[in-house]
Amino acid sequence: MPEAQTTSAEEREFQRLIDADQRIEPRDWMPEAYRKTLVRQISQHAHSEIIGMQPEGNWISRAPSLKRKAILMAKVQDEAGHGLYLYSAAQTLGTDRDTMFDQLITGKARYSSIFSYLTPTWADMGSIGWLVDGAAICNQVPLCRVSYGPYGRAMTRICKEESFHQRQGFEILLQLMRGSAAQQRMAKESVDRWYAPALMMFGPPDDESPNSRQSMDWKIKRFSNDDLRQRFVDMLVPQAEVLGITLPDPDLRWNEERGHYDFGELDWSEFHEVLAGRGQANSVRVSRRRRAHEDGAWVREAARAYADAQAAPERIAS
Ligand code: 3HC
């Protein structure tokens with residue numbers, strides 16, 4: 001069949017699967033642009049998980065109790081596993097770990113803006129769990145229904161652990177808010193710093209999001225950036241009331257007509273500064289990631305040598 005007709009048959013089959021809400025699997029034909037945007041989003045998601053280990057990892061040796069240390073270690077280990085699932089999902093699209101690593105280190109690929117903020121106090125472990133993982137839950141649960149099979153299956157596993165991440169953060173803040181005046185001040189000061197950056201995690205406003213429309217047509221994105229941001233704020237306010245913490249947003253109020261909370265304008269210039277690499281900790285995070293990769297070279301070499309040795313008998317026999 002002439003190339004043009006063959007392609008239209010393949011495109012028709014791809015669109016039929018998307019329209020029928022069925023999964024696209026690695027073996028299925030897919031438009032190059034679909035593959036490219038998935039590699040972009042999944043690899044950046046994976047980078048976010050791995051870089052996200054740093055702000056919390058910095059507090060493992062300084063956790064206030066053995067229980068808190070154990071919980072934080074478990075959470076950081078979970079994030080490493082999330083990165084592994086997601087890098088593996090991205091590899092089914094034809095990219096590889098070295099390429100994705102180079103894209104991160106050279107700044108060609110992003111990681112989530114939220115992880116370019118510093119964590120000066122223990123309360124930040126609470127704010128990250130409650131706000132960042134809470135936002136991640138709002139953003140990631142719909143991704144369990146993403147049209148690309150390996151990504152959706154990875155997200156299903158990841159989402160099972162995110163609720164533990166969010167709960168342990170909420171519990172840290174609740175404990176501090178039931179503590180001394182100094183502990184309460186530390187918790188409130190931390191939430192003041194993390195509230196707006198957590199809302200920015202959902203991406204720019206819909207009318208400034210170049211990828212959303214196509215991603216929603218391809219059922220990669222199920223909801224828009226603004227819809228998920230609103231869902232997060234609606235979830236957050238009652239929880240802040242339980243904590244006894246006033247969120248740092250004077251425009252935050254229930255809007256009976258909309259059935260949602262109105263909230264204040266975000267400072268998108270700060271968001272763009274962070275994306276441009278001028279956040280509080282961008283260079284620290286990337287250089288730390290580079291060093292970890294270099295320090296781990298011997299593990300990769302040993303694993304490769306072992307795999308070669310395992311394959312060697314077949315080579316000799318063939
Ligand atoms: N941080 C960094 N870059 C961001 C961003 C953020 N918070 N939000 C948007 N961007 C970038 C996008 O990557 C895009 O740039 P690119 O085209 O160069 O990749 C640009 O800003 C425009 O944004 P769009 O809305 O058009 O881009 P998307 O359609 O990709 O939407 C997204 C952005 C909502 C983050 C989407 O990519 C997504 O849902 N990704 C998967 C989830 C994810 O990556 N979450 C990050 C946090 S992971 C996490 O929280 C782990 C948890 O365990 C703590």
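Readers should treat all values here as calculations from the given coordinates under stated rules, not as data from a laboratory. Model, not experiment: these values are computed from the prediction. We place every Cβ from the backbone using ideal geometry, glycine too, and count neighbours over all the protein chains shown.
Checking a compactness column here: for region 90-138, what do you get for Rg(Cα) / (2.2 N^0.38 Å), N being the number of residues?
Ratio of Cα Rg to 2.2 N^0.38 Å: 1.52.
Among the trypsin sites (Lys or Arg not before Pro) in region 1-108, those located in a DSSP loop and surrounded by at most 15 other Cβ atoms within 10 Å of their own Cβ are R27, K108. Over all directions, the projected convex hull of the C-alpha atoms in region 237-285 averages 5.2 nm² in area. Think of each Lys and Arg Cβ as +1 and each Asp and Glu Cβ as -1; about the Cα centre, that makes the dipole of region 146-273 roughly 840 debye. For a straight C-alpha distance cut-off of 30 angstrom, the lysines reachable from K36 (same-chain residues fewer than eight places away being disregarded) are K108, K160, K219, K221. For H260, the residues whose modelled amide H falls within less than 5 Å of its own, excluding neighbours fewer than 5 places apart on the same chain, are N255.
Using a Cα-Cα cut-off of under 19 Å, which lysines could be cross-linked to K67, ignoring same-chain neighbours fewer than 8 residues away? Counting by Cα, and skipping residues close in sequence, K67 has these lysines nearby: K75.
Its relative contact order, with pairs defined as Cα atoms under 8 Å and 6+ residues apart, puts region 169-318 at 17 percent.
Which is the longest stretch in the chain that no exposed loop site breaks, taking sites as GluC sites (Glu not before Pro) with a DSSP loop state and at most 12 other Cβ atoms within 10 Å? That gives 1-255 as the longest site-free run. For region 176-193, putting each phi into the Karplus relation 6.51 cos²θ - 1.76 cosθ + 1.60 with θ = phi - 60° gives couplings of 5, 6, 9, x, 6, 4, 5, 5, 5, 4, 4, 5, 5, 5, 5, 4, 4, 7 Hz, in residue order, rounded to whole numbers and with x for Gly and Pro.
Taking every alpha-carbon pair under 8 Å whose residues sit at least 6 apart, the chain reaches a relative contact order of 18 percent. Amide H contacts of Y148 (H built 1.01 Å from N, in plane; Pro and chain starts excluded): I24 sit under 5 Å, all sequence-distant by 5 or more or on other chains. Other residues with beta-carbon under 13 Å from the beta-carbon of P250 carry, at +1 per Lys or Arg and -1 per Asp or Glu, a net charge of -4. Look at the alpha carbon pairs under 8 Å that are at least 6 residues apart: their mean separation over the length of region 1-148 gives a relative contact order of 30 percent.
Taking amide H as placed 1.01 Å from N in the peptide plane, F223 has no amide H partner under 5 Å among residues 5 or more places away or on another chain. Where the alpha-carbon atoms of region 107-208 are placed on the principal axes, they occupy 49, 29, 25 Å, in descending order. Dividing the Cα radius of gyration of region 1-112 by its Kirkwood radius returns 1.17 for Rg/Rh.
A simple rule links phi to the HN-Hα coupling: the Karplus curve 6.51 cos²θ - 1.76 cosθ + 1.60 with θ = phi - 60°, which for region 17-25 gives 5, 5, 5, 7, 6, 9, 7, 8, 9 Hz, with x for Gly and Pro. Taking trypsin sites (Lys or Arg not before Pro) across region 246-296, the ones in a DSSP loop with at most 10 further Cβ atoms lying within 10 angstrom of their Cβ are R258. Converting phi to 3J(HN,Hα) with the Karplus coefficients 6.51, -1.76 and 1.60 and the offset θ = phi - 60°, region 241-255 yields 5, 5, 6, x, 10, 8, 5, x, 8, x, 8, 6, 7, 5, 10 Hz in sequence order, with x at every glycine or proline. The base-10 log of I(q)/I(0) for the chain, evaluated at q = 0.07, 0.16 Å⁻¹, reads -0.32, -1.42 [Debye formula, identical scatterers on Cα atoms, solvent excluded]. Just checking the listed ones, G83, G244, G129: in the Gaussian network model of the chain with Cα springs under 10 Å, the one fluctuating most is G244.
Per residue, the convex hull spanned by the alpha carbons of region 16-55 comes to 85 Å³. Name the residue farthest towards the positive end of the dipole of the chain from the options L173, T37, W254, assuming +1 on Cβ of Lys and Arg, -1 on Cβ of Asp and Glu, about the Cα centre. Farthest towards the positive end: L173. Distance from the alpha carbon centroid of region 206-269 to that of region 97-145 works out to 18 angstrom.
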